[in-house]
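The values are calculated or read from the model by the stated rules, or taken from the named source; none is laboratory data. Nothing here was measured: the structure is a model prediction, and the numbers come from that model. Protein only, heavy atoms only, side chains kept; ligands, DNA and RNA dropped before computing areas. Shrake-Rupley method; radii C 1.70, N 1.55, O 1.52, S 1.80 Å.
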Amino acid sequence: MSKEAVLLKPGEHVDGTFLLNTKLFGGLEPGAYRVEAALTGWTEEKFTDAERSELAKMAGEFMMGEVSDSIRITLTPNVK
């Protein structure tokens, strides 16, 4: 996993400041931005009857549909 990634387990969250290489995003300048994300789950209609039967035996439920959200961030210069 790259240093720009944070792996979270269910129920976990992360707060704080992260150092990101702005060249990854085409050279973003310092300033205010809005980050949007969508988490897409399974589409039940795409499962066969056999797959649905197998999923029913699993301990956890699978997310269905889509959840979207956004957050405002401020990029600041890295001062050393």
Please give the length that would be gained between T40 and M63 if that part of the chain were fully extended, namely 0.36 nm times their separation in residues minus their C-alpha to C-alpha distance (nm, one decimal). 7.5 nm
Provide the per residue accessible area, probe 1.4 Å, for the chain, rounded to a whole number of square angstrom. 95 Å²
Apply the Karplus parameterisation 6.51 cos²θ - 1.76 cosθ + 1.60, with θ equal to phi minus 60°, to every residue of the range 50-67 and state each ³J(HN,Hα) to the nearest whole Hz, in sequence, with x for glycine and proline. 5, 5, 4, 5, 5, 5, 5, 7, 6, 5, x, 8, 9, 6, 10, x, 9, 10
Give me the percent of the accessible area of the range 1-54 that comes from carbon and sulfur atoms, probe 1.4 Å, all protein chains in place. 55 percent
The base-10 log of I(q)/I(0) that the Debye equation returns for the range 8-70 at q = 0.14, 0.20, 0.21, 0.29 Å⁻¹, one scatterer per C-alpha, is -0.70, -0.98, -1.03, -1.32
